[in-house]
């Protein structure tokens, strides 16, 4: 059998399958996220509304991918986005699921990455500056629900882990840089590793601390 690769969110979504059944496998109540498959939970940085979910079969990779889009908005304008993607191995005979390492969009800008152990498994994480793109195909379901996505910079935290070779979990949390209550530069150069300072550094550190608190809250249940 071919080696199974964990498909990240950047893929082109061709076949969408209603995910009403998949919703039962993952639930968010208040700031508590609980997943049944694979079994883990975590504490979110904010309360989010589920905007859209779907699942996609990947026959060539012997997997099924479930995706959940959550948004915290202010007057129908996104301030924070939380996206969960879980890939489930569908062929027991296939090789264990794997994932490519997380990489920053550019080495120039400030970013932080590392790995921690949880429940005997390894979680890889990355925080960085990124650009929200309202024209992205993957974000159209959010816009169609009447939530505007500003075309501007946001801070993003990602983490992923492979659960016993049977499931791949990828989480992306992002927040508008203008929603911290502090005036910051929208010039990407102000966020570069060698020059970041002042409000930009302060906001980045606040976001990173918030994101790492969520990562540290992950509780993975091993059989």
Exercise. Taking the Cα-to-Cβ direction at residue 178 and at residue 113 and moving 7 Å from each Cα, how far apart do the two end points lie in nm?
Worked result: 3.0 nm
Exercise. If we sort 199-207, 115-123, 53-61 on the protection proxy, mean other Cβ atoms within 10 Å, highest first, what's the order?
Worked result: 199-207, 53-61, 115-123
Problem set entry | Percent of alpha-carbon pairs separated by more than 27 Å within the chain | 32 percent
Exercise. What ranking, highest mean first, results for peptides 157-163, 108-114, 90-96 when packing means the other Cβ atoms within 10 Å averaged over each residue?
Worked result: 157-163, 108-114, 90-96
Exercise. Per residue of the chain, what 222 nm ellipticity follows from adding -39500 (n - 2.57) for every DSSP H run with n ≥ 4, rounded to the nearest 500?
Worked result: -3500 deg cm²/dmol
Exercise. Pulled fully out, how much extra length does the chain show between residue 137 and residue 93, if you take 0.36 nm times their separation in residues and subtract their Cα-Cα distance?
Worked result: 12.5 nm
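Pull out the extension gain between residue 106 and residue 24, defined as 0.36 nm times the separation in residues minus the alpha carbon to alpha carbon distance; nm, one decimal.
Working it through step by step, the gained length comes to 25.8 nm.
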Seminar exercise, completed: Per the C-alpha gyration tensor (a ≥ b ≥ c, the square roots of its eigenvalues), the stretch 99-223 is rounded if a/c is under 1.5, else prolate if a/b beats b/c, else oblate; here it's oblate
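Bear in mind that the values in this text are calculations on the coordinates, not laboratory data. Everything numeric here is computed off the predicted structure, so don't read it as measured data. Ideal geometry is used to build each Cβ from the backbone, glycine not excepted, and the neighbour counts take in all protein chains shown.
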